[in-house]
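Right, one structure below, let's go through it.
The values are calculated or read from the model by the stated rules, or taken from the named source; none is laboratory data. Note that the structure is predicted; figures quoted are calculated from it, not measured. Here the Cβ positions follow ideal geometry from the backbone for every residue, glycine too, while neighbour counts run over all protein chains shown. Heads up: the accessible areas ignore ligands, DNA and RNA and are worked out on the full protein's heavy atoms, side chains in. Shrake-Rupley method; radii C 1.70, N 1.55, O 1.52, S 1.80 Å.
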Amino acid sequence: MQIKKYTAANKEAWNEVMPKHQKASKDYLDKLFSQKGFIIQSDADLLNLFSEISVKNKNVIHLCCNNGIELLSIKNMGAARCVGIDISEIAIEEAKERAEKFSIECEFICSDVFDIPHDYYNSFDIVHITSGCLGWIPDTNLFFSICRKLLVKGGVFLIHEIHPFSEMLPFDSNPIENKAQIIEPYFRSEPIVENSSLDYIGKTQYEAKTQYWFVHTISTLINSLSGNGFLIKRFIESTSDLSAGHGEIEKLNAGIPLGMIIFAEKL
Ligand SMILES: C[S@@+](CC[C@H](N)C(=O)[O-])C[C@H]1O[C@@H](n2cnc3c(N)ncnc32)[C@H](O)[C@@H]1O
């Protein structure tokens with residue numbers, strides 16, 4: 001598989017949308033982080049896990065961290081070394097700017113997750129990925145092998161992600177009336193090729209640069225984790241929309257899985 005073909009295109013698409021996200025949210029986010037110790041995470045299951053694995057004094061790396069707001073919050077929870085990696089220079093610039101402005105000590109590095117410098121290997125107690133990272137990853141097996149290398153023995157891989165089941169359902173922007181109707185396949189051998197707006201924050205519509213989105217089934221994720229020497233300690237499914245595009249389904253309150261947490265340990 002030509003991983004670079006996909007990640008290079010996705011980088012362009014993210015650099016294109018970041019100024020739109022910033023226009024809609026930068027000042028608001030600055031205001032939030034001007035409150036000392038601000039924490040953006042609100043998901044109860046995730047917060048419980050953070051306290052169970054005790055983020056305090058842990059070294060944490062957040063992959064596909066975008067503008068770093070989740071990592072800044074993890075630092076505010078008391079983590080030790082905090083490193084954020086993202087492929088978009090514009091996202092990383094914003095993350096660095098906010099960290100400096102509010103004196104929150106985090107390192108932000110612009111890199112493809114497939115090219116993380118080896119100096120970072122064996123350095124972290126927690127590798128974290130969150131909503132909308134896995135979809136940009138062409139090869140979960142290779143990606144999880146890198147996540148493993150970043151961790152110390154016994155380290156934790158904490159995934160807070162969009163539930164693959166939800167990939168079969170219509171987005172809010174789809175005019176279809178029955179939002180709970182399955183309209184897409186679960187199993188796909190090819191990525192979804194998109195040119196639609198990535199501005200889920202400012203909600204502007206534009207013809208976007210081509211993006212490649214990968215739907216990974218639950219079995220692919222579990223097999224990639226176990227194949228890379230991870231022990232799955234907890235798998236939590238929820239009805240919370242993490243995609244920013246399934247709010248209508250969430251409101252139906254119909255017991256449809258939209259979010260998930262996987263807590264795994266490096267053996
Ligand atoms: C949906 S955002 C993640 C959002 C984050 N959870 C948040 O709520 O801010 C996806 C991020 O993944 C980054 N990304 C996509 N492919 C990547 C890659 N190959 N390496 C590093 N970052 C990547 C994008 O630049 C983007 O910032």
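Taking each residue as 0.36 nm, the span from S51 to D139 lengthens on full extension beyond its C-alpha to C-alpha distance by 28.6 nm. With a 1.4 Å probe rolled over the protein heavy atoms of all chains, the accessible area of E161, E70 falls in the order E70, E161, largest first. For region 27-154, the per residue solvent-accessible surface stands at 42 Å², with DNA, RNA and ligands left out and a 1.4 Å probe. Which of K36/K75; K149/K266; K36/K58; K153/K233; K26/K203; K11/K209 have a Cα-Cα distance over 18 Å? Exceeds cut-off: K36/K58.
Distance between the C-alpha centres of region 1-64 and region 105-127: 15 Å, rounded to the whole angstrom.
What percent do you get for the relative contact order of region 127-248 when only Cα pairs under 8 Å and 6+ apart count? Once normalised by length, the contact order is 33 percent. The phi torsions of region 167-179, fed into the Karplus equation with coefficients 6.51, -1.76 and 1.60 and a -60° offset, translate into couplings of 5, 8, 9, x, 6, 3, 6, 7, x, 3, 6, 7, 5 Hz, rounded to whole numbers, with Gly and Pro shown as x. Of all beta bridges that DSSP places with both ends in region 3-266, some 50 percent have antiparallel geometry. In a DSSP loop and with at most 14 other Cβ atoms within 10 Å, the trypsin sites (Lys or Arg not before Pro) in region 36-144 are K36, K56.
Counting only protein chain heavy atoms and rolling a 1.4 Å probe, the accessible areas of E194, E177 rank, largest first, as E177, E194. For G84, the residues whose amide H sits under 5 Å from its own are H62, E107, F108, I109, ignoring neighbours fewer than 5 places away on the same chain, with H placed 1.01 Å from N. Sort region 3-266 into rounded, prolate or oblate with this rule: let a ≥ b ≥ c be the square roots of the eigenvalues of the Cα gyration tensor; rounded if a/c is under 1.5, and if a/c is not under 1.5, prolate when a/b is larger than b/c, oblate otherwise. Here region 3-266 falls in the rounded category. If you plug the beta carbon distance of F38 and E177 into 1/(1 + (r/R0)^6) with R0 = 35 Å, you get a FRET efficiency near 0.30. For the pair R81 and S123, the difference between a 0.36 nm per residue extended length and the Cα-Cα distance amounts to 14.2 nm.
Starting from the Cα of K31, move 7 Å in the Cα-to-Cβ direction to define the label point; list residues of region 76-104 whose amide nitrogen is under 19 Å from there. Flagged as within label range: 98-99, 101-102.
Rounded if a/c is under 1.5, else prolate if a/b beats b/c, else oblate: with a ≥ b ≥ c from the C-alpha gyration tensor eigenvalues square-rooted, which is region 184-267? Since a/c reaches 1.5 but b/c is at least a/b, the shape of region 184-267 is classed as oblate. Would you calculate a helix-derived [θ] at 222 nm for the chain, using -39,500 (n - 2.57) for each DSSP H run of n ≥ 4 and dividing by the full residue count, to the nearest 500? It comes out at -10500 deg cm²/dmol, rounded to the nearest 500. Region 70-85 and region 199-267 have Cα centres lying 22 Å from one another. Take every Cα pair under 8 Å whose residues are at least 6 apart in sequence, average their separation, divide by the length of the chain, and the relative contact order is 20 percent.
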